[in-house]
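Asks: Below is the structure I would like to discuss, written out as structure tokens.
Read the figures in this text as sums done on the coordinates, not as results from a lab. As the structure is a prediction and not an experimental result, all values here were calculated from the model. Cβ coordinates were reconstructed from backbone atoms using ideal geometry, including for glycine residues, and neighbour counts include every protein chain displayed.
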Amino acid sequence: MQFTFLRGVCSTILMVIWGWGHLKHDLIDSVDRRSLPSLIFRCAQGGLSVFISFMCIKFFNVSTVGIVCSLTPLFVCMLAYFLLGERLKFFDQMALLAVFASVLLVILGAEGHESNTMSANPLALFALICQPILLAAGAVAMRQMRRMPETTCSTYQNASLAVLSSVFMLAYGMDFGFMFEFSLNAWLLCWVSSLLTILTQTCKFSAFKYHQASALQKLAFVPNVW
């Protein structure tokens, strides 16, 4: 959570430096009123998803969280069908149903520590189930914001991530003194991570800008390959 806050701050600083001289155009004039609700939701969803990931890792192992989050393409296609009017081929529908059935079997077949955690922490289980829905809704929101420049969306997302992360840190009793304990190499890695975050956001937004949300889900397995 602390690194997420710092990465959001550094990414915001980099975006402000990049857009210096035309910030008003990027942050105010370029905001499409029809896309404003999607932008607000995307910013809130990004911070909330980070908080859910932070919480779920405490109760579930990484593989379980990853398997549940693999449902994201299914929910993207469902939301894109109802909200964007996108269509799927029959083969794609069957493939998504197979993924849903596989993840459902994993959840229902949990044993030992995982099963006890699901029973003892219903809130954590509910948050874990909501995570792929939130991620999917965020993807659809990016498609709805396709009229806006990439720099506008990235700047607002990073700024909101920094603000929300700081709120979560205060709620968990964390302080901000960790920044003064970073070595030069740690700061260097932080700035590199921020640059990669901006690059990822820009590439992802550009993809949703020029392609349908449901069609892009065929490439959802690529991060797992890497």
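Asks: Please work out which residue is surrounded by the fewest Cβ atoms within 10 Å (Cβ to Cβ), limiting yourself to region 22-54 and to residues that are under 11 Å from Leu164 (Cβ atoms) and hydrophobic (A, V, I, L, M, F, W, C). So that I can check it myself, show each step before the final result.
Replies: Restricting attention to region 22-54, the residues satisfying the condition of being under 11 Å from Leu164 (Cβ atoms) are 43-51.
Checking which are hydrophobic (A, V, I, L, M, F, W, C) leaves us with 43-44, 48, 50-51.
Working: Cys43: 21, Ala44: 15, Leu48: 17, Val50: 18, Phe51: 19.
For region 22-54, the residue satisfying everything is Ala44.
Asks: Mind checking which helices (runs of 4 or more DSSP H) fall wholly inside region 137-226 and carry at least 2 residues that are hydrophobic (A, V, I, L, M, F, W, C), surrounded by fewer than 20 Cβ atoms within 10 Å (Cβ to Cβ) and under 17 Å from the mean Cα position of the chain (by Cα)? Even if it seems obvious, please write down each step before you answer.
Replies: Numbers: elements: 150-171, 184-210, 213-216, 222-225.
Output list reads 150-171, 184-210.
Listed here are the residues, each with its yes/no results for (1) touching an Asp or Glu at 6+ places or on another chain (Cβ under 8 Å); (2) touching a residue at least 60 places away in the same chain (Cβ under 8 Å).
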site	(1), (2)
Phe5	no, yes
Gly19	yes, yes
Lys24	no, no
Asp29	no, no
Leu39	no, yes
Ala44	no, yes
Phe51	no, yes
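Asks: For region 57-65, indicate whether the set of residues that are touching a helix residue (DSSP H, G or I) at 6+ places or on another chain (Cβ under 8 Å), basic (Lys, Arg) and surrounded by fewer than 20 Cβ atoms within 10 Å (Cβ to Cβ) is non-empty. Show your work before the answer.
Replies: Our first condition is that a residue be touching a helix residue (DSSP H, G or I) at 6+ places or on another chain (Cβ under 8 Å); within region 57-65, this holds for 57-61, 64-65.
Then keep just the ones that are basic (Lys, Arg); that gives 58.
Imposing the further condition that a residue be surrounded by fewer than 20 Cβ atoms within 10 Å (Cβ to Cβ) reduces the set to 58.
Yes - at least one qualifying residue is present in region 57-65.
Asks: Which residue is farthest from Leu97 (Cα to Cα), if the candidates are limited to region 57-70 and must be more than 14 Å from the chain's Cα centre (by Cα) and not β-branched (Val, Ile, Thr)?
Replies: So the residue we want is Lys58.
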